[in-house]
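Structure first, then comments.
The values are calculated or read from the model by the stated rules, or taken from the named source; none is laboratory data. Keep in mind that what you see is a predicted model, and the values were worked out from it rather than measured. Backbone-built Cβ (ideal geometry, glycine too); neighbour counts: all protein chains shown.
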Amino acid sequence: MSAAKDKTCDAVITRDLVVANKVGIHARPAAMFVKIASRHTCDIYLEKDGEKINGKSIMGLLMLAAGPGSHLRLEASGKDAAQAVAEIEDLFQRKFDEE
Amino acid sequence: MPREPITVERFYTEHSGQLDLRLLGGAIGLKRVIREPTVNRPGLALAGHTKYFARHRMQVMGHAEVTYLKTLPRDERRRRYELIFSYPLPGVVFCRNLPPDRDCLKAAESRNIPILTSSLITMKFINLATLALEQLFAPRGSEIGSMVDIHGVGVLIRGDSGIGKSESILALIERGYSLVSDDMTRVTLVDGREVVGTSSELTRNHMEIRGIGIVNVAAMFGAKSVRGEKRIDLVVTLKAWEEVKDIDRLGMEEEFQHILGVQIPHVTIPVRPGRDLARLIEVAALHVKLRRAGHNPAKELNERLLSQMSAAPRGL
């Protein structure tokens, strides 16, 4: 019982991100995103046009079909949310190391 | 989810096959918006009574309307066309392949109102078009979770990443059940009381298995292993054993979750090494099926217990 994860009072950190690389979020960038997300214990969600997906799921990332210029909303809640958000923002800024 | 307005163009492209629609004129008007999920026969408006005229609906003309217009002298007919097309109609459909006359087409084109025909008889067209429009207008959303069809019971499976959703779904597929969607399920409210789930067209039939990657379930397990869409009958949340506070040990109370405003039975299954999740999800689904048929095992057992206790002589 002592190891119970208490999620009730975690604030949600949100960020608006724009997809800047030429082709958008295809398999490789999606895998990079999921790798970062899965390393953290916090909940991570990405939303595009009202559809929200689990950021730790590669299927979800692919389903977004986020082409170049897409506006995404990142939501993270949990202990390491701040760090996760920082790493993800950096990934987007680096254009997923594609340019 | 922000709704896109339903245009005549969308109605036309998505249902021209089923309704046998052809565009005759006023193509510029295809961008016009249909504001109500039903059609209207403009008999009274054509006769000059325009009060409460349902101007925001697709108009339908059949024998009654066309023969009535023929009884009018040409000038009067032209005036009626001017009158009816002065309203912001989304469009007009002539059924039974009845041809609109030149004056009608001219008046419609001058207002950029699309004119279509259908070979269907008016009654059939009205029924099918209304159903098509209800489907276009139906509230939609998306839910995070995978969905399977277990013996006719649609189950939405939720849970944190890594808890074992994908593995239990694979086990369920091997048991002969079908995958509807992986990781995200698109939901639509049908008839105001049922929620139907489906997958995104892009990733249909695919699943991610950690350690293996993305697999095509249909190619791997065959046609029986996938299903295009299914009504959601049960929501199952997989939760780590330590995180589950109070488990309902009896299963007598029913718990629900709301999707698109509809109450759907919900069950939390605590996860722990050694528990066969697929089996538990399967049993949860079959339990829902039996409860729907009127069985309530906990209640029935309790009633037998109560009658046994009341029958026992005192002191024993």
Every residue from the range B:120-142 that is modelled with pLDDT of 95 or more and within 30 Å of B:Leu277 (Cβ to Cβ): none
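Would you please name the residue that is nearest to B:Val155 (Cα to Cα), looking only at residues in the range B:238-256 that are of a type outside the set (A, V, I, L, M, F, W, C) and within 13 Å of chain A (Cβ to nearest Cβ)? Please lay out each step first, then the result.
Of the range B:238-256, the ones of a type outside the set (A, V, I, L, M, F, W, C) are B:239, B:242-243, B:245-246, B:248-249, B:251, B:253-255.
If we keep only those that are within 13 Å of chain A (Cβ to nearest Cβ) as well, we get B:239, B:242-243, B:245-246.
Details: B:Lys239: 16, B:Glu242: 24, B:Glu243: 22, B:Lys245: 23, B:Asp246: 22 Å.
Looking at residues that are of a type outside the set (A, V, I, L, M, F, W, C) and within 13 Å of chain A (Cβ to nearest Cβ), I get B:Lys239.
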Take the conditions free of Cβ contacts under 8 Å to residues at least 24 places away in the same chain and within 25 Å of B:Met207 (Cβ to Cβ) and apply them to A:Asp43. Does it pass? no
Does the range B:172-196 hold any residues that are among the acidic types (Asp, Glu) and under 26 Å from B:Leu280 (Cβ atoms), and which are they? B:Glu174, B:Asp182, B:Asp183, B:Glu194
Might you let me know whether the range B:141-151 holds any residue that is surrounded by fewer than 21 Cβ atoms within 10 Å (Cβ to Cβ) and free of Cβ contacts under 8 Å to residues at least 60 places away in the same chain? yes
Selected residue (only one of B:Val244, B:Val217 is in contact with a strand residue (DSSP E or B) (Cβ under 7 Å, 6 or more places away or on another chain), modelled with pLDDT under 90 and of a type in the set (A, V, I, L, M, F, W, C)): B:Val244
Residue within the range A:32-41 that is more than 13 Å from chain B (Cβ to nearest Cβ), in a helix (DSSP H, G or I), of a type in the set (Gly, Ala, Ser) and surrounded by 17 or more Cβ atoms within 10 Å (Cβ to Cβ) present: no
Residue check: is A:Gly78 in contact with a Ser or Thr (Cβ under 7 Å, 6 or more places away or on another chain), within 14 Å of chain B (Cβ to nearest Cβ), in contact (Cβ under 8 Å) with a residue 24 or more places away in the chain and over 16 Å from B:Ile144 (Cα atoms)? yes
Are any residues in the range B:8-56 assigned to a strand (DSSP E or B) and free of Cβ contacts under 8 Å to residues at least 60 places away in the same chain, and if so, which ones? B:Val33, B:Asn40
Being more than 14 Å from chain B (Cβ to nearest Cβ) and of a type in the set (S, T, N, Q): is that true of A:Ser70 here? yes
Name every residue in the range B:211-248 that is in contact with a helix residue (DSSP H, G or I) (Cβ under 9 Å, 6 or more places away or on another chain) and either more than 21 Å from B:Tyr177 (Cβ to Cβ) or not assigned by TED's automatic domain parsing to the domain that holds B:Leu290 (or both), in order of residue number. B:Gly213
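Output the strands (runs of 3 or more DSSP E) that fall wholly within the range B:108-164 and possess 2 or more residues being within 14 Å of another protein chain (Cβ to nearest Cβ), within 30 Å of A:Ala37 (Cβ to Cβ) and touching a Gly at 6+ places or on another chain (Cβ under 8 Å), or say none.
Details: elements: B:115-118, B:140-144, B:146-150, B:153-159.
Fully inside the range B:108-164 and qualifying: B:140-144, B:153-159.
Can we say B:Arg55 is farther than 17 Å from B:Ser118 by Cα and within 14 Å of chain A (Cβ to nearest Cβ)? Spell out the reasoning first.
On the way: farther than 17 Å from B:Ser118 by Cα: yes; within 14 Å of chain A (Cβ to nearest Cβ): no.
No, not satisfied.
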